[in-house]
Amino acid sequence: MKRRTFLLGTASGFSVLALAACVEPEQTPVPTTSPAPTTLTPSLVPQPLAVSRTNWSTDPFSRGSFSYAAVGATPEHRVALGQAVDARVFFAGEATAVDEPGTVQGARASGLLAAGRVQDVAAPGERITIVGAGIAGITAARQLVNAGYDVVVIEARDRIGGRIDTVSSDWPFPIERGPSFVHRTSDNFLDDELTTLGVSLLPFVRTPEVRTRAGAVVEVSTLGAEAVAGALDWAADQQQDVSVERALIDSGEAKLSSTRNADGLSDADWLEYEIATKLKVETGATPSQQSAWYTTDIGSADDDQIVIGGYSTLLKSDADGLELLLSSVVNRVAHDDGGVSLRLGTGESLSADRVILTVPLGVLQTAAIEFSPALPFAHRGAIAALGMGVLDKVWLRFDEPFWDTEARLWTIVGEDADFPVWVNMMPLTGEPILMGVVAAENATRLSELDDDEFLSAALTALEPFLAVPDAAVSDE
């Protein structure tokens with residue numbers, strides 16, 4: 001399985017969260033604002049001027065951030081999920097991508113593949129409905145429209161993009177609540193496409209500045225990465241798949257010293273660091289949930305780029321001229337030899353010859369859409385086997401920097417920080433803006449907090465990066 005390039009990366013490589021838009025029964029997304037709590041733990045970090053957070057796990061139109069290989073899941077499950085049903089119901093989206101699942105390029109490739117499969121069986125001029133206006137859905141729609149088909153795209157949200165969500169208002173440059181990075185691979189030319197569309201991309205240096213809770217800058221140890229690599233090698237020789245956690249324990253790789261050195265860190269701390277800043281961030285899941293056979297390859301890359309000028313430009317270009325039906329939730333899909341029928345949350349129904357569903361795995365796992373007849377066993381098995389990870393971002397804009405480091409990537413070692421990875425936008429844009437990431441069980445826990453509590457947790461996690469004022473010199 002190829003290295004993912006998803007929403008936010010880590011010390012060893014950045015990724016691009018690329019997930020198709022989704023649908024669900026009629027619901028209202030959870031608002032991001034709520035009454036301030038009566039008591040909050042004060043932070044030494046100053047209050048920001050602007051805040052933007054995501055909450056993908058509670059969003060009724062996503063139910064998670066991106067798919068991952070859970071224990072027992074295999075690439076064949078993704079293949080099964082992507083198969084057409086009776087040449088009427090087709091599937092696309094990052095969860096169906098064998099190569100680069102959970103990514104913009106994986107989702108986009110799945111849209112092209114689904115559109116091609118429709119063209120193989122559809123007569124010219126047929127009516128094709130696409131559910132979801134994320135990158136997979138828009139890509140499929142564009143290809144089919146260009147091929148002469150009658151296409152309508154139905155989207156639950158009031159905008160296109162799904163989890164590609166660019167916000168420009170109240171910020172000095174467009175911020176990305178979804179994808180932020182592009183990683184160049186042999187078959188991925190998103191950077192060229194974005195550049196052609198006038199979107200600014202900047203090279204991103206992945207070497208992190210690592211700090212302890214006390215704020216001390218320490219050199220990265222390879223002990224954690226070596227332990228994980230050893231555990232995965234051990235797991236590859238076993239008769240059946242186990243979790244990454246089980247592989248670490250049973251292989252003996254987890255037996256690292258807890259004796260602290262002069263920096264207050266132990267060998268075991270570096271294993272926790274590897275898990276927090278890489279494994280959890282890359283999958284949105286804990287080691288106990290991740291497959292040791294098919295866990296994400298988190299190897300290094302040398303050509304990551306950060307998107308500054310608006311990732312959504314990519315979708316807007318492809319969506320130009322498409323027939324879009326926004327704010328329309330699909331809650332039932334029925335098909336027979338004569339075609340397909342889709343029921344909306346309003347009670348209305350739409351008919352088409354065929355449908356492409358770009359529904360996120362998390363929505364499928366909640367059985368939010370009724371299928372008639374029921375999906376084949378292979379599809380249901382794939383939906384149950386694959387995991388849906390959780391990763392959220394927070395953007396903070398300050399009046400002036402409270403930090404004194406020029407490092408672009410910040411990480412924290414020696415504690416279970418809620419936000420173990422931060423991106424410093426100051427060296428890139430000249431603006432005192434930070435982007436933090438929270439993943440796996442910490443993201444799930446923080447998803448239940450209101451905005452003030454969530455911000456308090458983020459500011460507390462930033463305290464190791466507070467600038468230390470020079471000691472006052474006095475002759476008295």
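The values are calculated or read from the model by the stated rules, or taken from the named source; none is laboratory data. Predicted model, so just to flag it, every value in this text is computed and none were measured. Neighbour counts run over all protein chains shown; Cβ positions are idealised from the backbone, glycine included.
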(request) Please find, within region 228-269, the residue that is modelled with the lowest pLDDT out of those that are closer than 28 Å to residue 217 by Cα and charged (D, E, K, R). (result) 263
(message) Please go through (1) assigned to a loop (DSSP other than H, G, I, E, B); (2) under 30 Å from residue 288 (Cβ atoms) for residue 95 and return the number of the only condition it doesn't satisfy.
(response) (1)
(message) Of everything in region 344-401, what is basic (Lys, Arg) and either outside any helix (DSSP H, G or I) or in contact with a strand residue (DSSP E or B) (Cβ under 7 Å, 6 or more places away or on another chain) (or both)? Give them in sequence order.
(response) 354, 393, 397
(request) Say whether the condition of being in contact with a Gly (Cβ under 6 Å, 6 or more places away or on another chain), of a type in the set (A, V, I, L, M), assigned to a helix (DSSP H, G or I) and touching a residue at least 24 places away in the same chain (Cβ under 8 Å) is met by at least one residue in region 120-136. (result) yes
(request) Name, by its number, the condition in (1) assigned to a helix (DSSP H, G or I); (2) closer than 30 Å to residue 72 by Cα that does not hold for residue 191. (result) (2)
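So that you can scan it fast, the table gives a plain yes or no per residue for (1) at pLDDT 95 or above; (2) on the phi < 0 side of the Ramachandran plot:
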{"position": "34", "(1), (2)": "no, yes"}
{"position": "37", "(1), (2)": "no, yes"}
{"position": "75", "(1), (2)": "yes, yes"}
{"position": "86", "(1), (2)": "yes, no"}
(request) Identify, from the list 167, 182, the residue that is in contact (Cβ under 8 Å) with a residue 40 or more places away in the chain and surrounded by 24 or more Cβ atoms within 10 Å (Cβ to Cβ). (result) 182
(request) Mind listing whichever residues of region 131-173 are in contact with a Phe, Trp or Tyr (Cβ under 8 Å, 6 or more places away or on another chain) and closer than 18 Å to residue 191 by Cα? (result) 164, 166
(request) Being farther than 22 Å from residue 224 by Cα and part of a loop (DSSP other than H, G, I, E, B) is the filter; apply it to region 409-445 and report the residue that is farthest from the chain's Cα centre (by Cα). (result) 430
(request) Hey, can you tell me all the residues within region 142-151 that are farther than 24 Å from residue 346 by Cβ and touching a helix residue (DSSP H, G or I) at 6+ places or on another chain (Cβ under 7 Å)? (result) 142, 143, 144, 147
(request) For region 39-61, indicate whether the set of residues that are part of a loop (DSSP other than H, G, I, E, B), modelled with pLDDT of 95 or more and among the small types (Gly, Ala, Ser) is non-empty. (result) yes
(message) Where the second residue is in a loop (DSSP other than H, G, I, E, B) and modelled with pLDDT of 95 or more and the first is closer than 21 Å to residue 349 by Cβ and lies in region 152-164, which pairs have Cβ atoms under 6 Å and are six or more apart or on separate chains?
(response) 153/133; 153/322; 154/328; 155/133; 155/326; 156/61; 156/329; 157/61
(request) Working only within region 194-213, note down all residues that are in a loop (DSSP other than H, G, I, E, B) and more than 16 Å from residue 311 (Cβ to Cβ). (result) 205, 206, 207, 208, 212, 213
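Yes/no matrix, rows are residues, columns are (1) at pLDDT 95 or above; (2) hydrophobic (A, V, I, L, M, F, W, C):
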{"site": "72", "(1), (2)": "yes, no"}
{"site": "80", "(1), (2)": "yes, yes"}
{"site": "93", "(1), (2)": "yes, no"}
{"site": "103", "(1), (2)": "no, no"}
{"site": "114", "(1), (2)": "yes, yes"}
{"site": "137", "(1), (2)": "yes, no"}
(request) Looking at (1) within 17 Å of residue 50 (Cβ to Cβ); (2) in contact with a helix residue (DSSP H, G or I) (Cβ under 9 Å, 6 or more places away or on another chain); (3) surrounded by fewer than 23 Cβ atoms within 10 Å (Cβ to Cβ), find the lone condition where residue 383 falls short. (result) (1)
(message) Suppose we keep only residues that are over 16 Å from residue 282 (Cβ atoms) and of a type outside the set (S, T, N, Q) within region 100-114. Which one would you say is surrounded by the most Cβ atoms within 10 Å (Cβ to Cβ)?
(response) 107
(request) Quick one: which residue in 78, 117 is over 24 Å from the mean Cα position of the chain (by Cα) and either free of Cβ contacts under 8 Å to residues at least 24 places away in the same chain or surrounded by 19 or more Cβ atoms within 10 Å (Cβ to Cβ) (or both)? (result) 117
(message) Which residue is surrounded by the most Cβ atoms within 10 Å (Cβ to Cβ), if the candidates are limited to region 207-241 and must be within 27 Å of residue 175 (Cα to Cα) and touching a strand residue (DSSP E or B) at 6+ places or on another chain (Cβ under 6 Å)?
(response) 210
(request) Select from region 67-98 the residues that are hydrophobic (A, V, I, L, M, F, W, C) and within 20 Å of residue 130 (Cα to Cα) and list them in ascending order. (result) 79, 80, 81, 84, 85, 87, 89, 90, 91, 92, 95, 97
